[in-house]
Amino acid sequence: MTWASWIDFLLGAWLVIAPFALGYSALSRGATVEDVVFGILIAAFGLWTALKMDAPKISEWLLMLFGLWVLLSPFVLRTDAIARVTPNDVIVGIGVLVFGIVRMASSHGPARTQAA
């Protein structure tokens, strides 16, 4: 599912610019650093899997792990009091997880045979 990987790339790119676009970069250094670092990771692994550059299966699992962290990070890092951080990270984290599940399900679907 190449399109799911491209969406992960876009979600990662958004996560990199979100602290500045949503204005919480000045409110929380921790949330900003976390979003930029994990945004870069998600975008890079999303691009890697989208371009099929010999991306191993572990890259899909790592994308889902990154998504889970982004989903949980506002609560773990205690940045959930900043109104714009939590909805953004929860939505992006769920998106990365869902598209990872879609990608895994499509790659592990039933074997298809060609008619002769």
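Count of segment 22-47 residues, restricted to those that are free of Cβ contacts under 8 Å to residues at least 40 places away in the same chain and either farther than 24 Å from residue 99 by Cα or not small (Gly, Ala, Ser) (or both), is 11. Scanning segment 27-40 for residues that are buried (at least 19 other Cβ atoms within 10 Å of the Cβ) and among the hydrophobic types (A, V, I, L, M, F, W, C) yields 31, 38. Under the condition of being touching a helix residue (DSSP H, G or I) at 6+ places or on another chain (Cβ under 7 Å), loosely packed, with under 14 Cβ neighbours inside 10 Å and among the hydrophobic types (A, V, I, L, M, F, W, C), the residues counted in segment 1-26 number 0. Here the helices (runs of 4 or more DSSP H) wholly within segment 1-108 that include at least 2 residues being charged (D, E, K, R) are 29-50, 57-76, 85-107. Screening residue 69 on (1) modelled with pLDDT of 95 or more; (2) closer than 15 Å to residue 5 by Cα; (3) of a type outside the set (Ser, Thr, Tyr) shows it passes everything except condition (2).
The values are calculated or read from the model by the stated rules, or taken from the named source; none is laboratory data. Predicted model, so just to flag it, every value in this text is computed and none were measured. Because the Cβ atoms are built from the backbone with ideal geometry, glycine has one as well, and the counts that use them run over all protein chains shown.
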